[in-house]
Amino acid sequence: MAEIRIQNLHKAFAEFTAVKDSSFTVNDGEFFCLLGPSGCGKTTTLRMIAGLELPTSGQIFLGGEDVTFKRASARDIAFVFQMFALYPHMTVRQNIAFPLVSQGMAKSEITQRVAQAANTLHITGLLDKSVSGLTSGDRQRVALGRAIVRQPMAFMMDEPLGALDAEFRELMCEELRGLHDRLGATTVYVTHDQREAMSMADKIAIMNQGVIEQLGAPQEIYERPASVFVADFMGSPSMNFIPVSAALARGATTIRVSGASLGLPAVSDAVTERPLLYGVRPEHIQLSADTGLRAEVVGVDYLGNCQIVTLTTAVGSTVRAKVDVRSPAQRGDQVGLVFDAAQVSLFDAASGRALRTARDDIPVSLIGTRGGAAHG
Amino acid sequence: MADLKIAAVSKHFGQTAAVRDLNIDMASGEFVVLLGPSGAGKTTTLRLVAGLETPDSGQVWINGRDVTQVAPALRDVTFVFQQYSLYPHLSVYDNLAFPLRSPLRKTSEDDIRAKVTEVARMLRMEDKLQNPATRLSGGQMQRVAIGRALVRDPAVYLMDEPLSSLDAKLRNDLRLELKRIQQDTQATMLYVTHDQVEALTLATRIGVLDHGQLVQLGTPQQVYEDPASVAVASRLGSPRINLLPRAALAHLQVPETVTTLGVRAEHIQVCHPDTLAQANAQARVERIERLSDQYLLHLSLPGSEQGLIASAHPGELARPGEDIHIHIAHSLWFDAGGQRVRH
């Protein structure tokens, strides 16, 4: 097991820069997610750590050793791909044993290691089955078995659940995180699904156009997005942004939008008149009959345990609110929007960066709670 | 726009019954989503309606006409596939115009231009019309593929997981857009997915398929709140419904035939001193999961391995390792065969 340290990593493909001057550290035993949309550079970063791509510049340290220009096979890393490439003519046991056999390991040790890996993954009963008859979930478990049997210093996973059905993905998330807790192995995991990242990661690096936009614990990234991009990417439905142009004094706790006064956490520094974005998450909005920003209901989406109400505000922006299923809302209703001021984020519209408020002074573990929460 | 009737349709492939005695009656303008795991018969149903498969028995009626023996091209349906197939050498405009230029239909170039412009506006792609199809992002390509179905104004739209190949975020955006388009055009749509969020938000009615059989057909509310079986209950809802053996909550009063209790995460409340009188079970907090706006308490019931997931409000969070009292406000009952036992 090992720490992975990335220093000023840069990768250009001809004209296109895939990864720009990235630096970060994955601590020993951490479950680290590289998260972002297609083409953001997350897979390229992962492939450079694994040695499947060489960086244009920068350095990669694995367990303190500079491995930047070492071959992939000399890095002691196991890679799990989205498309589980198993040998179809072999049994589960032969598939899992394969990396050890090719290393020339003694037979007795292979037997023991395979049994151990199968036990960890709860697939002991499948060992003598043919791979071709397995369900997609079991195939992915075998692919994981082939990675863990080597007992490498670190795991690289490239959207390993991407090919699975939605409902099954949720179950595999639980399982992967459970596996990580048992093995304690340093893991770098690439995904475009914020929900996967939120449920599994110790730390998330959210990437956009080759740059890490924010690095932090899942709840920190969700609660205190550093930019509009991050705020928009995390959460479903994503954060609402209401455009407003205003100057704010230091300590201001309200902002005027189209006749309504909207609450904010106290602004840390004075803001000169400029276009701003008032950011509020769907779950921090309540519908009210007569107070708040005026809006019209344009759609209602039932989700079983809640409903998403889509509204058009008096200032023309679209807002989505997540409200109780019993709350009556129908297309065409005129309502007021009331925002939970303590939970609001404020952004500079031009740069997209978050402006500092009193919210940044609260310990992350207490944000959004009244009691204080631990992350599983 | 037309109504669609699938009457007692069955289809076998060799020994496998892909669709068994399926009956669905769709009114014009309805959005029916077929939901089920891989192999449930969802795609086969679409292909039967499209005429890409012929049923062993039963009929397909479109707009009051029995089309069971009618060739696909003459059924007036369009099919949107999971993998968008655009003509790479054509512009967005020409891709959208393509179905209208078919020799089977004689549409003037003026009418084509009017129709393509209208659909492009609906898809919010007016400014991309002259782009080559290959210069689009995945989401834009899929929008063009959907647009190609829309220009034709068919009687019925058939969509086979049209969003599943897209990024999570794009999928959400396009899902909302698709719903808006369907509401604006009042198109009749039969849509297949295994994503329960798509089903809940898009459908006027959801048809849940399991092993080729329609196990329930109803509004999203009916299917979520009043499921006919364990299979339906566990297909809808995130987190998934908790399924507990009767013995795990032995003190709850339920009919004799009940073997399984289904409890949704939102129906479990953590009791605090004021609400302690309501408590009807004890549990230990194993861990707390933070999913963006949701807190999930992973609980275990005393004296069993049984796990339970409860969604908690920030105000009622407990700590890992803590023993708590919970109030199970509502449970669904199922018999040994997985069928619902009603109160």
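We did not get these values from a lab; they are worked out from the coordinates using the rules stated. Everything numeric in this text was worked out from a predicted model, so none of it was measured. Backbone-built Cβ (ideal geometry, glycine too); neighbour counts: all protein chains shown.
Can you pull the Rg over Rh of chain B, Cα-only, Kirkwood? Don't skip to the end; give the middle numbers.
Working: Rg = 24.1 Å, Rh = 22.6 Å.
Dividing the radius of gyration by the Kirkwood radius yields 1.07.
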Taking Cα pairs under 8 Å and at least six residues apart, what relative contact order does region B:194-319 come out at, in percent?
-> 16 percent
Can you work out the base-10 log of I(q)/I(0) for the protein assembly as shown at q = 0.06, 0.11 1/Å, using the Debye formula on its C-alpha atoms alone?
-> -0.40, -1.45
Please give every one of the lysines within straight-line cross-link reach of B:Lys115, meaning a C-alpha to C-alpha distance under 23 Å, and leave out same-chain neighbours fewer than 8 residues apart.
-> B:Lys106, B:Lys128, B:Lys179
Do any GluC sites (Glu not before Pro) in region A:1-69 lie in a DSSP loop with no more than 14 other beta carbon atoms within 10 Å, and if so, which?
-> A:Glu15
Quick one: putting +1 on the C-beta of Lys and Arg, -1 on the C-beta of Asp and Glu, what dipole do you get for chain B around its Cα centre, in Debye to the nearest 20?
-> 740 debye
Average Cα contact separation per residue, chain A, under 8 Å, 6 or more apart, as relative contact order % = 15 percent
Taking the Cα-to-Cβ direction at B:Lys106 and at A:Ala85 and moving 7 Å from each Cα, how far apart do the two end points lie in nm?
-> 5.6 nm
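Please identify every one of the trypsin sites (Lys or Arg not before Pro) in region A:180-250 that sits in a loop by DSSP and has no more than 14 other beta carbons within 10 Å of its own beta carbon.
Filter output for region A:180-250: A:Arg250.
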Could you pull out every one of the lysines with an alpha carbon less than 23 Å from that of A:Lys42, ignoring same-chain neighbours closer than 8 positions?
-> A:Lys11, A:Lys20, A:Lys70, A:Lys203, B:Lys169
How do B:Lys128, A:Lys70 line up, fewest other C-beta atoms within 10 Å first?
-> A:Lys70, B:Lys128
Between region A:280-310 and region A:204-270, what's the alpha-carbon centroid distance in Å?
-> 19 Å
Compute the acute angle (0 to 90°) between the alpha-carbon long axis of helix B:138-150 and the principal axis of greatest extent of the alpha-carbon atoms of chain B; round to the nearest 10°.
-> 60 degrees
Could you list the chymotrypsin sites (Phe, Trp or Tyr not before Pro) in region A:3-76 that lie in coil according to DSSP, counting only those with at most 11 other Cβ atoms within 10 Å of their Cβ?
-> A:Phe69
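Which whole number gives the average, over all residues in B:284-290, of C-beta atoms from other chains lying within 10 Å of the residue C-beta?
Numbers: counts 0, 1, 1, 5, 4, 9, 13.
Rounded to a whole number, the mean comes out at 5.
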Least to most buried among A:Glu109, A:Glu213, A:Glu174 (fewest other Cβ within 10 Å first) | A:Glu109, A:Glu174, A:Glu213
When the charge dipole of the protein assembly as shown is computed with +1 on Lys and Arg Cβ and -1 on Asp and Glu Cβ about the Cα centre, the Cα farthest towards its positive end, among A:Gln286, A:Ala266, B:Leu217, belongs to B:Leu217
So what are the three principal axis dimensions of region B:190-270 from its Cα atoms, in whole Å, longest to shortest?
-> 44, 30, 17
Estimated inter-spin distance, B:Ser304 and A:Arg250, nm [label 7 Å along Cα→Cβ] = 6.0 nm
Would you mind giving the mean number of other chain beta-carbons within 10 Å of the Cβ of each residue in B:138-147, as a whole number?
-> 0
Which of B:Ile288, A:Ile206, B:Ile6 has the fewest Cβ neighbours within 10 Å, and the rest in rising order = B:Ile288, B:Ile6, A:Ile206
What's the center-to-center distance, using Cα atoms, between region B:251-284 and region A:65-114 in Å?
-> 47 Å
Isotropic mean projected area of the C-alpha convex hull, chain A (nm²) = 22.0 nm²
What FRET efficiency, computed as 1/(1 + (r/R0)^6) with R0 = 35 Å and r the Cβ-Cβ distance, is obtained for B:His251 and A:Ala163, rounded to the nearest 0.05?
-> 0.20
In degrees between 0 and 90, to the nearest 10, how far off the longest principal axis of chain A does helix A:107-121 point, with axes built from Cα atoms?
-> 20 degrees
Which whole-Hz ³J(HN,Hα) couplings does region A:211-226 yield from phi under the Karplus relation 6.51 cos²θ - 1.76 cosθ + 1.60, θ = phi - 60°, glycine and proline marked x?
-> 10, 6, 7, 7, 9, x, 5, x, 5, 5, 5, 5, 7, 10, x, 7
Label-reachable residues, region A:278-296, where backbone N falls under 19 Å from a point 7 Å from A:Thr312's Cα toward its Cβ = A:293-296
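Evaluate peptide A:301-314: per residue, the Cβ atoms of other protein chains within 10 Å of its Cβ; return the mean as an integer.
4
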Put a dot 7 Å past each Cα toward the Cβ at A:Asp21 and B:Thr134; how far apart are the dots in nm?
-> 3.5 nm
Two-decimal Rg/Rh across region A:4-223, once Rg and the Kirkwood Rh are taken from alpha-carbon atoms | 0.97
Which residues in region A:1-40 have a backbone N closer than 19 Å to a point placed 7 Å from the Cα of A:Gln112 along the Cα-to-Cβ line?
-> A:1
Enter the angle in degrees (range 0 to 90, nearest 10) between the Cα long axis of helix B:168-185 and the first principal axis of the Cα atoms of chain B, meaning the one along which they spread out most.
-> 60 degrees
Measuring from centroid to centroid over Cα atoms, what is the spacing of region A:2-64 and region A:147-175 in Å?
-> 19 Å
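Which value at 222 nm does the protein assembly as shown reach when only helices count, each DSSP H run of 4 or more adding -39,500 (n - 2.57), with the total divided by all residues and rounded to the nearest 500 deg cm²/dmol? Please list the in-between numbers first.
Details: 16 runs with 165 residues, N = 719.
Roughly -7000 deg cm²/dmol at 222 nm, from the helical runs in the protein assembly as shown.
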